[in-house]
Structures are given as C-alpha cells and as structure tokens.
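The values are calculated or read from the model by the stated rules, or taken from the named source; none is laboratory data. If you're wondering where the values come from, they're calculated on a predicted model, not measured in any experiment. Note that we place each Cβ from the backbone using ideal geometry, even for glycine, and neighbour counts take in every protein chain shown.
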Amino acid sequence: MAAASALFAIGASLAAMNVAFVAIVVAVGWTMRLRPVTITLHQGPSITAFSWRGMAFFLRLLPLGSGVRFLERAHVSPACAQQVKGRIVFADELHPLCRILFALSPPCGFLAFAWIVLGDNLYLDAITALPQIYLGALRPNSLGVELLSHYVTKWQESPLIALALLSAKYGVYLLVPTPGSPGFHAIVETVRAVSGRNPLESLKDLPLLLLSSPAFVAYIGWTVALAVYGYQLLDTAI
C-alpha cells in the first residue's frame with residue numbers, strides 16, 4: 001500500500017506539472033490573442049487524440065513534458081489570414097516584448113504559485129533547485145532516490161506544499177537556457193529584439209548539442225532515479 005501511495009504521489013505530481021504548464025501557456029496565449037492549434041499533454045505513446053473548436057488535443061502516456069503550438073501566418077492561406085485579421089494575432093507576428101513575456105510566463109507562473117503557498121520559504125527552495133536537480137541526476141542511485149523519497153514524505157504531509165516545492169524547483173529549471181526551454185526562448189527573443197537578427201541562425205549543430213547537454217543529463221539521470229526508486233518500492237512491497 002505504501003509503495004502504491006508513493007508511486008501515485010510521483011505520478012500525480014508529474015502530471016500536475018504538465019497540466020499546469022499547458023494551462024499557463026494557453027491562458028497567457030489567449031490574453032495575447034494567440035490561437036492554440038495543437039495541445040500535447042505528456043510524451044511517448046499516444047493514449048487518445050481528439051479535436052475541439054479547431055484545436056487538436058493529444059494525450060500521451062509519459063508525463064515528461066508537454067507543449068502547445070499556436071497558429072502562425074505561415075501556416076494559413078492569405079484568404080484565411082484576411083478573415084481572422086483583427087480577431088487573433090499570429091504567433092510569428094507577435095511583438096518582440098510580448099514574445100519575451102510569453103516565453104517567461106511558464107516559469108513565472110510556477111514561481112508565483114510556489115510563492116503564494118510557501119511565502120518567504122520560496123527563496124531557499126529556489127536557490128537549492130539547480131544543485132538538487134543536477135546533482136540528483138548525476139547521482140541517481142543515491143541522491144536522486146533520496147530526494148524522491150524526501151518529496152514523497154512531503155506529499156504525505158501535504159500534497160499542496162509538495163506541489164509548491166516542486167513548482168519552485170521546476171520554475172527555476174525552466175529558466176536554464178537549454179534549447180527549447182522558456183529561458184532559452186526569452187534570451188533568443190531578447191537578442192532578436194535588440195539586434196534584429198535571429199541568433200539561432202548562427203548556431204551550428206555542435207554548439208546546440210553542447211547547450212542541450214544539461215537537459216539531457218537531467219532527463220536521463222532522473223529517469224534512472226525514478227526507475228530505481230520505483231523498483232525499490234516494488235521490491236519492498238513484495
């Protein structure tokens with residue numbers, strides 16, 4: 001029973017982070033008159049897919065990342081673009097300042113939620129976020145499992161506080177400028193706004209690979225930590 005409770009705590013927490021990420025992006029997008037066309041919740045094998053009001057929804061199995069794609073002028077015909085002119089804003093025509101604010105909305109949303117729940121305690125959780133994330137990923141069999149166990153204990157005491165702790169760390173992690181992250185997009189849009197050029201055009205495969213390495217380390221390390229922790233729980237239960 002304890003093993004099932006612990007696995008549920010981790011699974012529910014990861015799912016909650018993904019749902020919250022999508023909700024923040026869609027909500028901020030609507031305020032900027034952006035129109036979402038594809039919403040993908042989770043990654044991996046598909047569970048279900050459906051369409052609603054011109055939006056395609058995809059629900060996948062693994063709660064390891066989600067995304068939202070918004071309508072761009074490049075994806076519609078001139079006639080269609082003329083029809084929706086004034087009612088929506090195309091994602092590829094968004095004002096540079098709005099692009100920066102939009103990119104930063106997910107980490108700011110997570111940190112805001114953490115601050116509402118944790119108050120001044122947010123500071124300690126925020127400054128320890130990256131050391132715990134990367135050291136836990138580099139030592140998944142020991143520190144990673146220990147941090148997961150500590151999180152489950154917090155969940156058992158209060159799911160709300162546990163989610164706030166996780167939100168604080170996830171919000172900081174999203175600011176790390178690895179390709180595809182909100183922090184990376186914010187820097188790209190800032191450079192584009194100042195210089196008028198897209199810095200991604202000058203980056204080759206090797207620099208992008210080096211920039212992506214922290215994300216790969218975190219992803220692989222915590223996948224191993226989750227597998228080891230789950231195995232230990234199930235082994236103990238048996």
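Figures for the structure shown
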item	result
Boolean, residue 17 is crowded, with 16+ Cβ neighbours inside 10 Å and more than 29 Å from residue 226 (Cβ to Cβ)	no
Unique match (being at pLDDT 85 or above, part of a helix (DSSP H, G or I) and more than 15 Å from the chain's Cα centre (by Cα)) among 230, 183	230
Meets criteria (aliphatic (A, V, I, L, M), assigned to a helix (DSSP H, G or I), loosely packed, with under 13 Cβ neighbours inside 10 Å and modelled with pLDDT under 95) for residue 124	yes
Answer from 135, 61 - the residue that is assigned to a helix (DSSP H, G or I) and at pLDDT 85 or above	135
Selection from the range 187-224 of residues that are crowded, with 19+ Cβ neighbours inside 10 Å, among the aliphatic types (A, V, I, L, M) and modelled with pLDDT of 90 or more	218
Of all residues in the range 66-92 being at pLDDT 85 or above and outside any loop (DSSP other than H, G, I, E, B), the one that is farthest from residue 170 (Cα to Cα)	70
Given (1) modelled with pLDDT of 90 or more; (2) outside the structural domain of residue 15 (by TED's automatic domain parsing); (3) more than 30 Å from residue 154 (Cβ to Cβ), number of the condition residue 102 does not satisfy	(2)
Qualifying positions in the range 169-186 - surrounded by fewer than 19 Cβ atoms within 10 Å (Cβ to Cβ) and out of contact with any helix residue (DSSP H, G or I) (no Cβ under 7 Å at 6 or more places or on another chain)	180
Residue in the range 69-80 that is closer than 25 Å to residue 216 by Cβ, surrounded by fewer than 17 Cβ atoms within 10 Å (Cβ to Cβ) and not assigned by TED's automatic domain parsing to the domain that holds residue 193 present	yes
Test: residue in the range 150-159 that is within 24 Å of residue 213 (Cβ to Cβ) and hydroxyl-bearing (Ser, Thr, Tyr)	no
Qualifying residue in the range 119-134 (condition: closer than 30 Å to residue 227 by Cβ, outside the structural domain of residue 7 (by TED's automatic domain parsing) and in contact (Cβ under 8 Å) with a residue 40 or more places away in the chain)	no
Any hit, the range 48-61, residues being aliphatic (A, V, I, L, M), in contact (Cβ under 8 Å) with a residue 40 or more places away in the chain and not assigned by TED's automatic domain parsing to the domain that holds residue 22	no
